[in-house]
Amino acid sequence: MTLRNILIHPDPRLKKKATPIAAVNDDIRRLADDMLETMYDAPGIGLAAPQIGITERLLVMDCVKDEEATPEPMVLINPEITWSSEALNVYEEGCLSIPEQYAEVERPAEVEVQWTDEKGKQRRERFDGLWATCVQHEIDHLNGKLFIDYLKPLRRQMITRKMQKLKRERARG
Ligand code: K1U
Ligand code: ZN
């Protein structure tokens, strides 16, 4: 397994709509393993392929935050939201592509998602709580949308400027 580099906003690759995966094969399973390793290392609870520069519809997540608890890694290929609850939930979100910035985002409290798993099996599940927030955040990544796109323009601009500064500093070493 290989740790992948996580892209930092602003980056045009984070704004592209990802393309569907035609077949689940060993390359896709290796990519999913790399993504899970990269997510746990960050650490994070989710990661979408565009965040490592791969414009394909693949995401991984594990919202078990308790380090003592058994991990529940999930691999979602070509995920689609098939139902959203009318009830909404607000969560203070973060993003591995926008380090150390957090903001409240309102999203449906429950969603039903259909996807293909790493064995090529069709799956459908209803998510709630942090899992629902995370899967929506990750599917947004597949559509080129970031959590800051839900914020007012001024706040979004301030965060973008901070990220530009961070990238300049990191480039200087
Ligand atoms: O997609 C990403 O950038 C990952 C992101 C997922 C996410 C977080 C919060 C709400 C919705 C989606 C993260 O994992 S940010 C880091 C984080 O939330 C976390 C890190 C360590 C322990 C627990 C949470
Ligand atoms: Zn994110």
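With helices as the sole contributors, the chain gives -9500 deg cm²/dmol at 222 nm; each DSSP H run of n ≥ 4 counts as -39500 (n - 2.57), and the sum is divided by every residue.
For the stretch 30-173, the carbon plus sulfur part of the accessible surface works out to 45%, probe radius 1.4 Å. In order along the stretch 87-92, the Karplus-derived 3J(HN,Hα) couplings, from 6.51 cos²θ - 1.76 cosθ + 1.60 at θ = phi - 60°, round to 5, 10, 9, 10, 9, 7 Hz, and Gly and Pro are given as x. The amide H of G53, built 1.01 Å from its N in the peptide plane, has L7 as neighbours under 5 Å, considering only residues 5 or more places off or on other chains.
When the C-alpha to C-alpha distance is required to be over 32 Å, the pairs from K65/K145; K16/K119; K121/K167; K119/K162; K121/K162 that qualify are K121/K167; K119/K162; K121/K162. Output the antiparallel fraction of DSSP beta bridges having both residues in the chain, as a percent to the nearest 5. The antiparallel fraction comes to roughly 95 percent.
Amide H contacts under 5 Å for E110: S85, restricted to partners 5 or more places along the chain or on a different chain, H placed in the peptide plane at 1.01 Å from N. Whole-Hz Karplus values for the stretch 4-18 come out as 9, 7, 8, 5, 10, 5, x, 8, x, 5, 7, 9, 8, 7, 6 Hz, taken residue by residue from phi with 6.51 cos²θ - 1.76 cosθ + 1.60 and θ = phi - 60°; glycine and proline positions read x.
Quick one: in the chain, what % of C-alpha pairs are over 28 Å apart?
In whole percent, the share of Cα-Cα pairs in the chain beyond 28 Å is 20.
I'd like to check one number: the per residue accessible area of the chain, probe 1.4 Å, reported in Å² as a whole number.
Working: 9750 Å² over 173 residues.
Solvent-accessible surface per residue comes out at 56 Å².
Along the stretch 23-34 the Karplus relation, 6.51 cos²θ - 1.76 cosθ + 1.60 evaluated at θ = phi - 60°, assigns HN-Hα couplings of 8, 8, 9, 4, 4, 5, 5, 5, 4, 4, 4, 4 Hz to successive residues, with x for each Gly and Pro.
The values are calculated or read from the model by the stated rules, or taken from the named source; none is laboratory data. Fair warning: this is a prediction, and the values are worked out from it, not measured in the lab. Note: accessible area is taken over every heavy atom of the protein model, side chains too, but ligands, DNA and RNA are not part of it. Shrake-Rupley method; radii C 1.70, N 1.55, O 1.52, S 1.80 Å.
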